[in-house]
1. Which number in (1) open to solvent by 20 Å² or more (accessible area, probe 1.4 Å); (2) in the same structural domain as Arg10 (by TED's automatic domain parsing); (3) within 30 Å of Arg21 (Cβ to Cβ) marks the one condition that Glu76 misses?
2. Could you list, in sequence order, the residues of segment 150-205 that are among the basic types (Lys, Arg) and within 16 Å of the ligand (Cβ to nearest atom)?
3. If Gly77 satisfies all but one of (1) closer than 19 Å to Val155 by Cβ; (2) assigned to a loop (DSSP other than H, G, I, E, B), what's the number of the condition it fails?
4. So for segment 22-31 (the condition being among the hydrophobic types (A, V, I, L, M, F, W, C), open to solvent by 70 Å² or more (accessible area, probe 1.4 Å) and closer than 30 Å to Asp153 by Cβ), does at least one residue qualify?
5. Quick one: in segment 132-149, of everything that is open to solvent by less than 30 Å² (accessible area, probe 1.4 Å) and not small (Gly, Ala, Ser), which residue is farthest from the ligand (Cβ to nearest atom)?
6. Among the residues of segment 150-168, count how many are open to solvent by less than 50 Å² (accessible area, probe 1.4 Å) and not in a loop (DSSP other than H, G, I, E, B).
7. Take the conditions open to solvent by 50 Å² or more (accessible area, probe 1.4 Å) and closer than 20 Å to Lys187 by Cα and apply them to Ser53. Does it pass?
8. Among the listed residues Ile24, Ile16, which satisfies the condition of being part of a loop (DSSP other than H, G, I, E, B), closer than 21 Å to Phe196 by Cα, away from the ligand (no atom under 16 Å from the Cβ) and at pLDDT 95 or above?
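The values are calculated or read from the model by the stated rules, or taken from the named source; none is laboratory data. On a predicted model such as this, the values are computed, not experimentally measured, just so you know. Glycine also receives a Cβ, built like all others from the backbone with ideal geometry; neighbour counts cover every protein chain displayed. Accessible surface is based on the protein model in full, side chains and every heavy atom, while ligands, DNA and RNA are left aside. Shrake-Rupley method; radii C 1.70, N 1.55, O 1.52, S 1.80 Å.
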Amino acid sequence: MIRLAISKGRILEQAIEILRRININCKFNPIDSRKLIIPTNMKNLEIIIIKASDVPVYIDSGKVDIGIVGFDTLLEGSIANHYRLLDLQIAKCKLVVAGKPNTTYFNNMKIATKYPNAAKKYFEEIGLQCSILKLYGSIELAPVLSLSDFIVDIVESGKTLKENGLKEFDKIFDISSLLIANKVSYKIKNEEINSFIDKVKTHDK
Ligand code: PRP
């Protein structure tokens, strides 16, 4: 039996679509069911629905064998008892610096973000000092209410930036979702996991 964790939110729908294309069907629709453990038509595969930031915790502990998670979620984690096996090229977005139009970067500016490590590294690399304010959601609000000067956040459609009067200044990097596996699970369930990965690789063929 392998357990596959899928992040709640924007990844879920696209991940379920990949499974459907390789004839893996959930016994309950994870989009509208409140069940957190969902059996599939494959006797040896069950789906676990987890908040994105908790997926690495379950995978690294070995309670769940493999997972589909955004690269952004892996950015800030310190433990990494997992392998990154496959880039699924789904839920594509980018990590950017954004702020109010007509502003410019300056030393000691304040950056609000869910991604403090990635933000700090980026500004260090471009030689600017800044202070980082960790927030947990609705990041775009911070510069609008002058809680911060800029933000480092995910942009997918660009709608949230636009509707809040903000502008993208720089792209830090592109993001998509990866299939990861607990290191021990990958060793002891190698055949099952690799056969699942081989099927996933055919999903767009
Ligand atoms: C993410 C991100 C942006 C928004 C970008 O937030 O932090 O706020 O999506 O998407 P867009 O470019 O398509 O508008 P999420 O929806 O995950 O919610 P959150 O603000 O609670 O983190």
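1. (3)
2. Listed by number, the residues that qualify are Lys159, Lys162, Lys167, Lys171.
3. The single condition Gly77 does not satisfy is (1).
4. yes
5. Pro143
6. Count: 7.
7. So Ser53 does not fit the description; no.
8. Result of the check over Ile24, Ile16: Ile24.
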